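Readers should treat all values here as calculations from the given coordinates under stated rules, not as data from a laboratory. Please read these numbers as outputs of a predicted model, since none were measured by experiment. Please note: Cβ atoms are built from the backbone with ideal geometry, for glycine as well, and neighbour counts cover all protein chains shown.
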Amino acid sequence: MVYLVTDAGGLYVPGTLFLNEQYANHHTKQVVAKALRVWVRLADAFDIDLAARALEGRWLTETEKKTLRHLVIRPIVEIESMPDRALKTIASATKDKVLNKAKGAVEPNTALKQLVGIANFLVWFHEKVLEPRMPMRSAVVEVLRQQVNACAAELKKAVGGTKSSHPHQIRSVPKERFLQIYSAVYRHSPDLLTTPKGKADSNLLRDRAMILLAGEGVRPGAIGNIARADFKWAGDREPGYLTIKDNTSKRSRKVSASTPVQKGAASNQNYNSEVTIPIWPTTAEAIQEYIDSERAAVTTRGLRNRSEGFLFLAEHGGPIGNRGTIAHVFRRAGKGLAAMGLLSKHPRDPYLIGEAYEFDAYLLRHSAASLFYAEKTKEKKEEVVMDLMKQRFGWSMDSTMPALYARRAMSDAASVTVEEYMESLFAEARSARKTKGQEG
């Protein structure tokens, strides 16, 4: 349960009811709660009484909507400390073209999420609180409904976020480069995942396995949420299997916005939040190596097993409790990949703006989605592949994301099949181990 409290110390009842009725995911609640704080500040400054306006068939003015657009760009601390007079004139005092470049400005996508949260709250407040209490035959009912919906639509488009609405905005790498990155992580992780002093990291095998899982398209939040029992592998060149589902109830500590969770598991939206996916034998082998060595060592350290059944563990033996831990793994790997030249722009990539790729878990996830489409359409119809993508990558059934990856994948002309590549990678790794054993 989340409570929104006003500056005066009172409970903001509408916002509290909306948050707890509409959202279950802790991270989403945190984002929307911040958005509602912006809304409350605007309403106070402009003396907005939605109930009184509803009776007159009025909603937000153009000035108020424009001010909201400017406020969501600013840090919440600045907004809440701003005098009413300054807040009411911020829209006219700041030029649109420099809005996102202002000192301390939040990311456009964060601002967009806040506006969407405010828009959804206003629609909810109208539908659940105001309209049921309006005179049913009043002429203003339909007029007000139109104004509310138009206002919501306008707010949701008021700030340009980083939504992937075009293949140029899909952050992925061409198939050939993706496989090179995957190979480097699989075979050369000691060179990529070193400490700041250049020494081997104690979590080397764990971090390697997590990065390879991102290469399978698994979201970073889901990676930190996997239970040991969710992973199955028969060994050798057999594919592994991974069940992606909500495991937050296994945690003994309170779940917060920073806790890794599977997206959509506790959402009211129709996500594919529980699915079993096959993973490459190389990825499965990397996970098993981690289980048999680093994980086994950390779970037997001390008087009791603190893993709570999770697959990937922190140094203390408990489950990874913060998304930042996973993000740090990818930042370190990114430095190593850049040093190898693997993040420089691929010569046959028409989409990248700039000369280098920004490495994180989502670059691998997006690349995996493009690769999945390119491979599967060799043997199945496009519409079938798009449905499979929704299952595999955890998108809702009405998602348009597969179509974007389809357009992105069409530029990739690499002919090697993934199966061939993984087989050669597996064989090379086994041969290298055998040679190293003979030399020893």
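On the principal axes of its alpha carbon atoms, the range 13-156 extends 50, 35, 24 Å, with the longest extent given first. Between Ala227 and Leu311, the built amide H atoms are under 5 Å apart, and every one of these is 5 or more places off in sequence or on another chain. The longest stretch of the chain left intact once loop-based GluC sites (Glu not before Pro) with at most 15 other Cβ atoms within 10 Å are removed from consideration, loops following DSSP, is 57-273. When the Cα convex hull of the chain is projected onto planes of every orientation, the mean area is 26.1 nm².
Projected label points at Ser396 and Ser293, each 7 Å from Cα along the beta carbon direction, are separated by 4.3 nanometres. Note on the chain: with a GNM built from Cα contacts shorter than 10 Å, the maximum mean-square fluctuation among Lys254, Lys66, Lys197 falls on Lys197. From Cα pairs below 8 angstrom and at least 6 apart in sequence, can you work out the relative contact order of the chain, rounded to a whole percent? Answer for the chain is 16 percent. With Cβ to Cβ distances under 13 Å as the rule, what net charge do the other residues near Leu212 carry (K, R +1; D, E -1)? My count for the surroundings of Leu212 gives 0.
Here r is the Cβ-Cβ distance between Thr300 and Ser252 and R0 is 25 Å; the resulting FRET efficiency, rounded to 0.05, is 0.85.
So if each residue of separation counts as 0.36 nm, and I subtract the Cα-Cα distance between Lys66 and Val418, what length gain in nm does that give? Please list the in-between numbers first.
Details: separation 352, 0.36 × 352 = 126.72 nm, distance 5.00 nm.
Contour length minus Cα-Cα distance gives 121.7 nm.
Where only DSSP H runs of four or more residues are counted, the chain gives -15500 deg cm²/dmol as its mean residue ellipticity at 222 nm, each run worth -39500 (n - 2.57). Amide H to amide H, with H built 1.01 Å from N, Ile279 comes under 5 Å of Gly240, Tyr241, Leu242, counting only residues 5 or more places away or on other chains.
Screening the chain for whole DSSP H helices of 15 Å or more along their axis (Cα) with average Kyte-Doolittle hydropathy at least -0.5 returns 26-46, 108-125, 140-156, 204-214, 323-339, 361-376, 382-393.
Relative protection proxy for 45-52, 393-400, from highest mean packing down: 393-400, 45-52 (other beta-carbon atoms within 10 angstrom). Charge tally around Gly324: other residues with Cβ under 13 Å, Lys/Arg +1 each, Asp/Glu -1 each, net +2.
Local charge for Glu428 was computed over the other residues whose Cβ lies under 12 Å away, with Lys and Arg +1 and Asp and Glu -1, and equals +3.
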